[in-house]
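Engineer: First the structure, then my questions, so here it is.
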Amino acid sequence: MPNSNLQAKEIRFASCPQGEPSQENFTLTTVDLPELQPGEVLVRNSFFSIDPYMRGRMNEGKSYILPFALGKALDGAAVGQVVQSRDSGFPPSAWVLSFCGWRDYFVSQASQLRKIDATQAPPSAYLGVLGATGLTAWVGLNDVARIKEKETVFISAAAGAVGSVACQLAKLYGCQVIASAGSAAKVAFLKNQLHVDYAYNYRESEPLRQLEIAAPDGLHVYFDNTAGPQLEAALGVMRNHGRIVMCGAIAGYNAPSPGPKNLHQVIIRRLRLQGLLVADHLHRMPAFLDEMIPLLRAGKVLHQETVVDGIEKAPDAFISLLQSGDAHIGKLVIHV
Ligand SMILES: NC(=O)c1ccc[n+]([C@@H]2O[C@H](COP(=O)([O-])OP(=O)(O)OC[C@H]3O[C@@H](n4cnc5c(N)ncnc54)[C@H](OP(=O)(O)O)[C@@H]3O)[C@@H](O)[C@H]2O)c1
């Protein structure tokens, strides 16, 4: 039965993009919310996450996660507060993490939600530095790369959500950090706020040349967020037995990106390339938070985010996330 008091706004998936997404792939709709049943809660979202992997969910076909359903609301990570409850474990005003982004209000089984501690950090941090984003960076460095002190690490898309956490952790682990990004403002952020050892704009300089200058003895680890030309450059300067964390391939999300022409370097240099999907590592969340919350509270890790106000701005924010440039630094979130 509809809850006569309340309607919700949601953004629906209207059509599959060909190449870059555009406004016409999304529609903003108002829906009636149902009356609460026992065990359910009504949540008002405060922030939801916009992520590059969502572009893959706009394509038809099999992937590691189901595609978005045409005509239905998009979804993804969100944080919000309970406003009505029929579950004693989730009283009104409790902060919760859900997978019900791209909308302002929603009704859910309480069992589908995870409580978050908003006294430890701002709620939006649980979408970024304390959420799947931060976990991706932490698992990529610790469990996949098995990084060691004094190693030389290159991180691409370094001023973004995952990249900015990876840079900070690698510095804290005592590594030499080389970082690339697609604008002067991002390069300045990497140098001045994250204190990486070397940062450059990969769009205005030749990536291989930059890596040769920054790491004359080669890279122990490449944390790859882009694939494409930057992966090719890294393959050209890896040390023997180096490790490449294959985290993202954003250079090819909107249009196919040419693969590296020098893949044979994997054999010559006896490299280990390993794909990472954060969903396989959720059991590491408690250990990650045990390390990360004290670092954040001590100011040793920066919670860097770009907040876009208004649910109706989410499609444009998502479109810009898939482009290089200054539109966001750190984690991009929508403030509802
Ligand atoms: N494997 C996993 O479980 C997992 C989890 C989270 C994220 N990821 C991946 O990690 C990567 C970063 O994700 P994020 O959430 O942290 O996003 P993000 O870095 O905050 O945002 C994406 C950034 O990618 C860069 N970019 C866009 N088009 C590009 C292109 N053609 N070539 C090179 N760079 C381009 C842009 O930065 P510049 O201006 O610097 O170019 C953009 O700001 C993505 O590939 C994502 O799919 C993987």
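The values are calculated or read from the model by the stated rules, or taken from the named source; none is laboratory data. If you're wondering where the values come from, they're calculated on a predicted model, not measured in any experiment. As a convention, Cβ positions derive from the backbone with ideal geometry for all residues, glycine included, and neighbour counts pool all protein chains shown. SASA here: full protein model, heavy atoms, side chains in, ligands and nucleic acids out. Shrake-Rupley method; radii C 1.70, N 1.55, O 1.52, S 1.80 Å.
Engineer: Return a yes/no flag: does segment 12-20 have any residue that is within 16 Å of the ligand (Cβ to nearest atom), under 22 Å from the mean Cα position of the chain (by Cα) and open to solvent by 40 Å² or more (accessible area, probe 1.4 Å).
Structural biologist: yes
Engineer: Within segment 241-255, can one find any residue that is touching an Asp or Glu at 6+ places or on another chain (Cβ under 8 Å), more than 9 Å from the ligand (Cβ to nearest atom), open to solvent by less than 50 Å² (accessible area, probe 1.4 Å) and more than 30 Å from residue 130 (Cα to Cα)?
Structural biologist: Checked against the condition, which is being touching an Asp or Glu at 6+ places or on another chain (Cβ under 8 Å), more than 9 Å from the ligand (Cβ to nearest atom), open to solvent by less than 50 Å² (accessible area, probe 1.4 Å) and more than 30 Å from residue 130 (Cα to Cα), segment 241-255 yields no hits at all.
Engineer: Just give me the residues in segment 54-73 being in contact (Cβ under 8 Å) with a residue 40 or more places away in the chain and within 16 Å of the ligand (Cβ to nearest atom), in sequence order.
Structural biologist: Scanning segment 54-73 gives 54, 55, 56, 58, 59, 64, 65, 68.
Engineer: Okay, next question. Any residue at all in segment 67-74 that's open to solvent by 20 Å² or more (accessible area, probe 1.4 Å) and closer than 30 Å to residue 167 by Cβ?
Structural biologist: no
Engineer: Moving to a separate point now. Of the conditions (1) surrounded by fewer than 24 Cβ atoms within 10 Å (Cβ to Cβ); (2) in contact with a strand residue (DSSP E or B) (Cβ under 7 Å, 6 or more places away or on another chain), residue 158 satisfies every one except a single condition; which number is it?
Structural biologist: The one condition residue 158 does not meet is (1).
Engineer: Test each condition in (1) in contact with a helix residue (DSSP H, G or I) (Cβ under 6 Å, 6 or more places away or on another chain); (2) of a type outside the set (Gly, Ala, Ser); (3) open to solvent by less than 70 Å² (accessible area, probe 1.4 Å); (4) farther than 26 Å from residue 249 by Cβ for residue 9 and report the one that comes out false.
Structural biologist: (3)
Engineer: Please list, ordered by first then second residue, the pairs with beta carbon atoms under 6 Å, 6 or more apart or interchain, first in segment 139-168 and part of a strand (DSSP E or B), second within 7 Å of the ligand (Cβ to nearest atom) and open to solvent by less than 20 Å² (accessible area, probe 1.4 Å).
Structural biologist: As it stands, the answer is 155/163, since those pairs meet every condition given.
Engineer: Taking the condition of being of a type in the set (Val, Ile, Thr), buried (at least 16 other Cβ atoms within 10 Å of the Cβ) and free of Cβ contacts under 8 Å to residues at least 60 places away in the same chain, how many residues in segment 256-281 meet it?
Structural biologist: Taking segment 256-281 as the starting set, the residues that turn out to be of a type in the set (Val, Ile, Thr) are 266-268, 278.
Of the ones still in play, those that are also buried (at least 16 other Cβ atoms within 10 Å of the Cβ) are 266, 278.
The next check asks that each one be free of Cβ contacts under 8 Å to residues at least 60 places away in the same chain; those that pass are 266.
Selection size over segment 256-281: 1.
Engineer: Oh, and also: On the given criteria, is residue 248 at pLDDT 95 or above and not in a helix (DSSP H, G or I)? Steps first, please.
Structural biologist: Numbers: at pLDDT 95 or above: yes; not in a helix (DSSP H, G or I): yes.
Criteria met by residue 248.
Engineer: Okay, moving on. What about residue 88, is it over 15 Å from residue 45 (Cβ atoms), not assigned by TED's automatic domain parsing to the domain that holds residue 223 and not in a loop (DSSP other than H, G, I, E, B)? Quick ask: steps written out before the conclusion?
Structural biologist: Values: over 15 Å from residue 45 (Cβ atoms): yes; not assigned by TED's automatic domain parsing to the domain that holds residue 223: yes; not in a loop (DSSP other than H, G, I, E, B): no.
Here the answer is no, as residue 88 does not meet what is asked.
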